[in-house]
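The values are calculated or read from the model by the stated rules, or taken from the named source; none is laboratory data. Remember, predicted model here, so these are calculated numbers, not experimental data. We place every Cβ from the backbone using ideal geometry, glycine too, and count neighbours over all the protein chains shown.
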Amino acid sequence: MKLSTNYLLFLLFSISSIAMVAQDQGNDDDDDVSPRQGLIDGGPKKYYVFSPRVNVTVPHAIANNSFKKCFVGVYEASCGLNVFIYKGLFIGGNYENGLLKITPNKIKNYEANMKIDNASGKIGGDLFLGERNRIVFSTSLSFGQNWTHYYGLVAKDPHKVITNTSYTCTFYKPELNLFFLVDDNFGVGVTIAYSVYDHIFNPYDLSLNDWAGFSSTSTGSTQYLSFGFGVYYSFLKKKH
């Protein structure tokens, strides 16, 4: 899979951020400060054992010109559980469901769906920001298995059968989150993620060239950038 320099830098930035979190010592010794008091007065950072999280984003096809020409993102929803192993450093698991569509404004007189399901493991870290520790910067890198299914694909020749309507592949995804805490262990924020699939999107395999013109070299890996919002929650406070 080939990535442009900008996307590679984005990935390296995510990984380096994890290392920064592991070095963040903070002040964890004052357990007498209440959760709300800690937020108001800039008390000690609060670390927990478990953190379930939910993200809802909209995918934007990139990198592959033919993929961008065909599909528009509808949604991608993910839920997962992080387990903190040292201060803000965590490992976890995630499940994602997403939908992209071919709409008439992409290919005239044509509509089809691309349904995505992902299961992955991840490593990442949370970093408290600001004097009052009311902002959490979170970064992670996921790697896992993808199952993709196309629905509604048709060829102009009624006797032609399109057989490549599903595939399974591996994928990886760096992700950045910025959460604004409304309580010691609950917050909402924004999410940006970059998904890269080990699968070549080729419009000729799907007979999309029957309906639109494509360059003979307009193939490449399936990639998209996602923007949206997330929910942060943590429970079972870590003891130091």
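Against the test of being modelled with pLDDT under 95 and acidic (Asp, Glu), the options GLU175, GLU111 yield a single qualifying residue, GLU111. Of the numbered conditions (1) modelled with pLDDT of 90 or more; (2) under 25 Å from VAL188 (Cα atoms), TRP147 fails exactly one; give the number of that condition. Among (1) modelled with pLDDT of 90 or more; (2) under 25 Å from VAL188 (Cα atoms), TRP147 violates only (2). Of the residues in segment 209-231, none is farther than 23 Å from CYS70 by Cα, hydroxyl-bearing (Ser, Thr, Tyr) and surrounded by 18 or more Cβ atoms within 10 Å (Cβ to Cβ). SER66 meets all of the listed conditions (1) assigned to a strand (DSSP E or B); (2) more than 13 Å from the chain's Cα centre (by Cα); (3) of a type outside the set (Phe, Trp, Tyr) but one, namely (1).
Of the strands (runs of 3 or more DSSP E) lying entirely inside segment 107-211, those containing at least 2 residues that are among the hydroxyl-bearing types (Ser, Thr, Tyr) and within 20 Å of the chain's Cα centre (by Cα) are 135-151, 166-183, 186-201. In this structure, does PHE84 turn out to be outside any strand (DSSP E or B), touching a Phe, Trp or Tyr at 6+ places or on another chain (Cβ under 8 Å) and crowded, with 19+ Cβ neighbours inside 10 Å? Taking the combined requirement at face value, the residue does not satisfy it.
Scanning segment 94-152 for residues that are of a type in the set (Ser, Thr, Tyr), crowded, with 20+ Cβ neighbours inside 10 Å and over 17 Å from THR168 (Cα atoms) gives SER138, THR139, SER140.
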